[in-house]
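Okay, structure first, notes after.
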Amino acid sequence: AVMAAMMAFVHQVPYAIDNGVEKIAAAASLGAIGFAGLAGQLFFGWVSDRIADPKYSAAMGYTIMAAGMIILMQTRTVERLLVYAMVFGFGYGCLGPLLPILAADRFGRENMGAVFGLLIFFVVGLGGALGPLLGGLVYDLAGSYRWAWGANIGLLIAAAIGVVSLKRRHPDASLDNRSRDV
């Protein structure tokens, strides 16, 4: 999901300009993603507190991001670009609150340092670095962002399916850790 997001962030402005959107409006779409992402953080944090398993909230966010990518593929106007930014940004907002919630839920609070340090930040950093690079490579080879955006849609759908397949920690493990903390 982070690889798809970083690819979109870096390449959406040149894509929009190539499709006739003025430079200022294309650049402003990044700000719109930020505002929509703030609303998404509040929403997905709130939803994850009210549903049985926060993984479904994450899957919803990734799916909304994929819907945003579909809108971006059809963008030829400023209005459509802003609709993309609002939809994609709202879905992107799920990442901030849900990564720590899912990590704690799946691996336990006592493992948060290792999970965040080794797994999440390494994987997120790698994905964040590869996304823009791959987007540029695809554009250079194909002469279009269409394949890159299609790959993003596939990555986001795979992330949604993948997060739904996550299993919770065994309940006994949580009890053992709680009794150790007392």
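Looking only at region 36-81, which residues are under 20 Å from Gly20 (Cβ atoms), open to solvent by 20 Å² or more (accessible area, probe 1.4 Å), in contact (Cβ under 8 Å) with a residue 40 or more places away in the chain and part of a helix (DSSP H, G or I)?
Ile70, Met73, Val78
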Output the number of the condition that Met3 fails; it satisfies all remaining conditions of (1) modelled with pLDDT under 95; (2) more than 21 Å from Leu130 (Cα to Cα). (2)
Lone unmet requirement of (1) in contact (Cβ under 8 Å) with a residue 60 or more places away in the chain; (2) open to solvent by 20 Å² or more (accessible area, probe 1.4 Å) for Leu30: (1)
Verdict on Ser179 being modelled with pLDDT of 85 or more and loosely packed, with under 14 Cβ neighbours inside 10 Å: no
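Go through region 110-149 and give me each residue that's among the charged types (D, E, K, R) and in contact (Cβ under 8 Å) with a residue 12 or more places away in the chain.
The answer is Glu110, Arg146.
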Considering (1) under 20 Å from the mean Cα position of the chain (by Cα); (2) farther than 13 Å from Phe88 by Cβ; (3) buried (at least 19 other Cβ atoms within 10 Å of the Cβ), say which one Val21 fails and leave the rest. (1)
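The values are calculated or read from the model by the stated rules, or taken from the named source; none is laboratory data. Nothing here was measured: the structure is a model prediction, and the numbers come from that model. Virtual Cβ from ideal backbone geometry, glycine too; neighbours counted across all protein chains shown. Calculation scope for accessible area: heavy atoms of the full protein, side chains included, ligands and nucleic acids excluded. Shrake-Rupley method; radii C 1.70, N 1.55, O 1.52, S 1.80 Å.
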